[in-house]
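Written out below as structure tokens is the structure these notes cover.
The values are calculated or read from the model by the stated rules, or taken from the named source; none is laboratory data. Given the structure is predicted, the values throughout are model-derived calculations rather than measurements. Cβ atoms come from the backbone with ideal geometry, glycine included; neighbour counts cover every protein chain shown.
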Amino acid sequence: MRLKARKTWSQQQLAVKLRMHPNAGEGFFNFERRRLLTLAAKTTLAAALSWWLATLFGVYDGYWGSISAIIVSQSNVGATVTASRDRIIGTVIGAVVGFAFSLMHPLWLSYVLAMLVAMFALGLMGLKNSARLAGVTITIVMLVHKEGARWGLAFDRVIEVLLGIVVALAVTTLVFPDRARIRLRDGLAQEFMLLGAFFEAILQGFRGAPARNLQLLRDDAQAMRQGNDQLLDASRNEPSSAGWPEGLNMLSQFGRSLFEGLLALELAVRDSHEDAYAQRLEPELGKLAADIHSGFNHVANCIHKWRFDALPHGFSLEQDIADLEARTEAVRGTGLRFSQAEIFRAYAVQLHLKQIAQVLRASRVETSRAVRQTHE
């Protein structure tokens with residue numbers, strides 16, 4: 001059995017929208033380069049505004065505001081909020097600890113103790129990024145030679161950093177805002193389409209030669225999962241309407257379960273090149289496999305539109321599973337002339353297919369319920 005599913009017109013359009021079409025990334029100013037240019041322009045604007053405002057208000061070391069704006073400016077609002085939070089915590093803790101330990105002597109010992117205390121305490125709290133930033137602030141407060149009291153230097157540093165962060169947040173939110181939840185939505189749609197392609201490549205190796213792009217698709221799906229996990233963390237720091245956090249988190253979990261199920265299926269189809277027993281499960285086995293592939297694209301389309309109430313058109317995974325179970329029961333006990341290994345592989349494949357189909361269906365149904373319940 002080899003799975004050869006043809007994409008419908010709507011699925012082809014979805015692939016173009018999600019930049020999975022071979023021609024979608026052509027041209028110098030493709031989507032990724034436009035995003036890079038936008039990020040560079042917004043970061044430059046935030047840094048320049050921070051420096052101008054610091055000069056306007058007479059802040060002596062206003063360039064620290066520009067540095068803070070550059071550091072916290074990220075590609076989306078959620079990531080910028082996360083970076084800003086880490087920098088504020090690190091700066092405030094570093095300023096307080098640095099000033100407190102600057103009252104001790106000798107300087108080298110108080111500096112070492114201040115660094116150790118602040119970074120270790122923040123590390124224990126799980127704020128590793130803030131710990132590094134606290135170390136930077138402590139170094140500036142305690143080691144930079146400047147006229148006036150140390151508390152003044154610490155206070156100025158906090159004000160300068162806060163200025164840069166406020167400006168960066170304003171620019172990120174108001175100027176061509178890039179929402180992490182929107183990117184995650186399209187990233188999850190891409191992930192489900194990639195999982196569908198990975199699924200198709202796996203089944204090409206069932207009773208046939210393995211697909212040449214199997215390893216590439218597996219790596220792409222894994223990389224997409226990791227990127228979506230980062231976007232999920234960033235999206236939690238963004239204000240959003242009801243249904244989004246629950247739906248995105250649920251879809252991420254279903255995507256992880258599907259990827260693990262596909263890895264198990266990949267193991268099950270190995271050494272099946274000369275198997276013939278699986279032919280007894282046809283055409284039900286092939287029908288379920290083809291509909292699963294269509295199901296991946298259907299769920300991807302639901303995610304992209306953020307509407308999960310649309311039923312699949314032209315296929316029913318529940319009916320496919322019932323038909324395959326009936327066929328399996330009908331051929332039970334008729335495989336005496338086949339090897340045990342061959343029979344076990346056939347049953348393992350149909351077992352994994354049913355599991356993937358159930359999880360795939362649940363990803364749409366359960367997400368639809370979660371989103372709908374938050375609106376009730």
* To do: Considering only the range 60-101, state which residues are in contact with a Phe, Trp or Tyr (Cβ under 9 Å, 6 or more places away or on another chain), assigned to a helix (DSSP H, G or I) and modelled with pLDDT under 85.
  => Tyr63
* Would a scan of the range 356-365 turn up a residue that is among the aliphatic types (A, V, I, L, M), over 29 Å from the mean Cα position of the chain (by Cα) and crowded, with 16+ Cβ neighbours inside 10 Å? -> no
* Starting from the range 99-111, take each residue that is without any contact (Cβ under 8 Å) to a residue 12 or more places away in the chain and list its partners that are surrounded by fewer than 17 Cβ atoms within 10 Å (Cβ to Cβ), counting only C-beta distances under 9 angstrom and pairs at least six apart or across chains. => Met104/Leu113
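Filter the range 251-279 down to the residues that are surrounded by fewer than 18 Cβ atoms within 10 Å (Cβ to Cβ) and either touching a residue at least 60 places away in the same chain (Cβ under 8 Å) or not aliphatic (A, V, I, L, M) (or both) and list them by number.
Taking the range 251-279 first, the residues surrounded by fewer than 18 Cβ atoms within 10 Å (Cβ to Cβ) are 253, 256-257, 260, 263-264, 267, 270-271, 273-274, 276, 279.
Correct list: Gln253, Arg256, Ser257, Glu260, Ala264, Arg270, Asp271, His273, Glu274, Ala276, Gln279.
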* May I ask you to list the residues in the range 251-283 that are at pLDDT 90 or above and of a type in the set (Asp, Glu)? => Glu260, Glu266
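Restricting to the range 326-358, name every residue that is polar (S, T, N, Q) and either in contact with a strand residue (DSSP E or B) (Cβ under 9 Å, 6 or more places away or on another chain) or not in a helix (DSSP H, G or I) (or both).
Thr334, Ser339
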* Is there any pair linking a residue in the range 62-78 that is β-branched (Val, Ile, Thr) to one that is at pLDDT below 85 and not in a helix (DSSP H, G or I), with Cβ under 6 Å and at least six apart or on different chains, and which? -> Val77/Pro177; Val77/Arg179; Val77/Glu238
* Structure fact -> For Phe176, the lone unmet condition from (1) closer than 30 Å to Ala41 by Cα; (2) in a helix (DSSP H, G or I); (3) modelled with pLDDT under 90 is (2)
* To do: Give the residue that is surrounded by the fewest Cβ atoms within 10 Å (Cβ to Cβ), with candidates limited to residues of the range 236-250 that are small (Gly, Ala, Ser) and at pLDDT below 85.
  => Ser241
* Please enumerate the residues belonging to the range 309-325 that are under 19 Å from Ala346 (Cα atoms) and among the acidic types (Asp, Glu). => Asp320, Asp323, Glu325
* Among the candidates Val166, Val141, Val161, residue that is in a helix (DSSP H, G or I), surrounded by fewer than 24 Cβ atoms within 10 Å (Cβ to Cβ) and either modelled with pLDDT under 85 or not acidic (Asp, Glu) (or both) -> Val166
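Which ones in the range 215-232 are in contact with a Gly (Cβ under 8 Å, 6 or more places away or on another chain) and surrounded by fewer than 17 Cβ atoms within 10 Å (Cβ to Cβ)?
Residues of the range 215-232 in contact with a Gly (Cβ under 8 Å, 6 or more places away or on another chain): 224-225, 227-228, 231.
Result: Gly227, single match.
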